[in-house]
Amino acid sequence: MEPAAAAPEAMITNDAVVLGILVMILAFVFTTSSSHRPFFRKFYSVVPSVLLCYLIPSVLNSMGVIDGEKSNLYFVASRYLLPASLVLFTISLDLKEIWKLRHKAGLMFITGTVGIMIGGPLAILIVSFFAPSVVGGAGPDAVWRGLSTIAGSWIGGGANQLAMKEVFQPSPTLFSAMIAVDVVMANIWMALLLYGVGKVDKVNAFFKADTTAVTELQDKIEAYRLSIMRIPTLSDTMAIVGVGLGLTGMAHFFADIIAPWIETNAPYLEQYSLTSGFFWLVVLATAFGIILSFTRARKLEGVGASRIGSVFLYIMVATIGMQMNLLAIFSNPGLFLVGFIWLLIHGTLLVIVGRLIKAPFFFFAVGSQANVGGAASASIVAGAFHPALAPVGVLLAILGYAIGTYGAYLSALVMQIVAPK
């Protein structure tokens, strides 16, 4: 058997050049979205700006202009800029007000989890009626084994996905295909949620949503921001960047101690993602920001803390976008159909429960993304509604890490039962 041909190299491989392109894309989108020209006003009334920040890099990646897989920019953004943005967003946090969101936010998150757990088996059943070979297979190539890793990823995160890989042992070829389905479908789903953020009033009208709690939180934060707002000086901006990146460095320092210690002394905690350095990085950065919200550092919001945090976060959005290859859908369409049906079931269940409890779209989007996407993308989706809401996404995603292995394991057992023999 001849080795597979190497993928052609992207036109631009220098990360400095790619970063320049991504930041110019962001600058173009935000400049035009705030333009008063009729064309741009009409265009952005249809296409949300945050979606373009995500979609344009994915198009460049799909066309081979840049290569998100080989680039280090996502790693840098997720390890440095994301934690810094979480620190800066949580500085002005009103923890008591966020706590008021817990009932509907928690219910929608659990609904999303249940949707993933039952969505996999139902997707296998549906596809087996007209294309049993797509969801069949035997031994390590049994498709349900590969789908168990997607369940781990979509309920929890990367650590839960690898836990399912170790438990059910899909073949390397099958696991590679599942990684593609996971990444592409999760990214398309995130794009749809971001599109919904741009149409939030219409979506809330569909849900007949009671947006009081979310609106009150946003209004209180805006009122506080206006009460302390002043023109920032260079020292103010340096203080903001120093706090954001300084505490990110501190979070790295402690994460590098905590995660290896747990891995050595309590390896069974891996199922809760507690041996993951990234998990501790996100948790600690959020915790440091919450602690600062009780100090005078809270006044940094008045000189643009969340604005600089938003800059960091949107660079992160662009690097996530450049990870997606839209053309991968055509490489194994059967498996992508399974993923599509799976997410459709997940979304349908959220719509039903959301309408019953009149939940704002914020709870739908963040509850879903905390499952399917994890801490990074959940904070992005929550922050797209309002920067102050980003920690809600992180907190729910952490809950997903905790239950991901158990939920995925139960889902996988049912997938094994319903899969064609």
- Karplus-derived HN-Hα couplings along segment 331-337 (A = 6.51, B = -1.76, C = 1.60, θ = phi - 60°), whole Hz, x at Gly and Pro: 6, 8, x, x, 5, 5, 5
- Just how far, in whole angstrom, is segment 350-402 from segment 169-221 if you go by their alpha carbon centroids? 7 Å
- Against the longest principal axis of the chain, how steep is helix 49-62, in degrees 0 to 90 to the nearest 10, with axes from Cα atoms? 40 degrees
- When only Cα pairs under 8 Å and 6 or more residues apart are kept, what is the percent relative contact order across segment 71-180? 17 percent
- Query: Which value, in Å² rounded to 10, gives the accessible area of THR275 with a 1.4 Å probe and all protein chains present?
  - Reply: 30 Å²
- GNM, the chain, Cα, under 10 Å: largest mean-square fluctuation among LEU147, LEU349, LEU396? LEU349
- Under a 1.4 Å probe, what is the accessible area of the chain per residue, stated in Å²? 45 Å²
- Item | Backbone HN-Hα couplings from phi across segment 128-137 [Karplus 6.51/-1.76/1.60, Hz, Gly and Pro as x] | 5, 5, 10, 8, x, 5, 5, 10, x, x
- Item | Dipole of the chain [Lys/Arg +1, Asp/Glu -1 at C-beta], most positive-end residue of ILE21, VAL353, MET164 | VAL353
- Which percent of the accessible area of the chain is formed by carbon and sulfur heavy atoms (probe 1.4 angstrom)? 69 percent
- Share of Cα-Cα pairs in segment 316-383 beyond 14 Å, in percent? 68 percent
- Query: What value, in deg cm²/dmol to 500, does the helix sum -39500 (n - 2.57) over DSSP H runs of n ≥ 4 give at 222 nm once divided by the residues of the chain?
  - Reply: -24000 deg cm²/dmol
- Item | Rounded to 10°, Cα long-axis angle of helix 390-418 versus longest principal axis of the chain | 10 degrees
- Task: Identify the residues of segment 297-341 with backbone N under 20 Å of a label point that sits 7 angstrom from the Cα of THR13 along the Cα-to-Cβ direction, or state none.
- Result: 322-325
- Note on the structure: With segment 162-227 reduced to its Cα atoms and the Debye formula applied, log10 I(q)/I(0) at q = 0.15, 0.16, 0.22, 0.25 1/Å amounts to -0.72, -0.75, -0.96, -1.07
- Calculate the spin-label point distance for LYS96 paired with MET229, positioning each point 7 Å from the Cα along the beta-carbon direction, and give it in nanometres. 2.4 nm
- Query: How large is ³J(HN,Hα) for each residue in segment 219-229, as worked out from phi by the Karplus curve 6.51 cos²θ - 1.76 cosθ + 1.60 (θ = phi - 60°), to whole Hz, x for Gly and Pro?
  - Reply: 5, 5, 5, 5, 5, 5, 4, 5, 5, 10, 5
- Query: What's the angle, to the nearest 10 degrees (0 to 90), between helix 158-168's Cα axis and the longest principal axis of the chain?
  - Reply: 10 degrees
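The values are calculated or read from the model by the stated rules, or taken from the named source; none is laboratory data. The structure displayed is predicted, hence computed values, not measured ones. Glycine also receives a Cβ, built like all others from the backbone with ideal geometry; neighbour counts cover every protein chain displayed. Side chains are part of the model used for accessible areas, which takes the heavy atoms of the whole protein and leaves out ligands, DNA and RNA. Shrake-Rupley method; radii C 1.70, N 1.55, O 1.52, S 1.80 Å.
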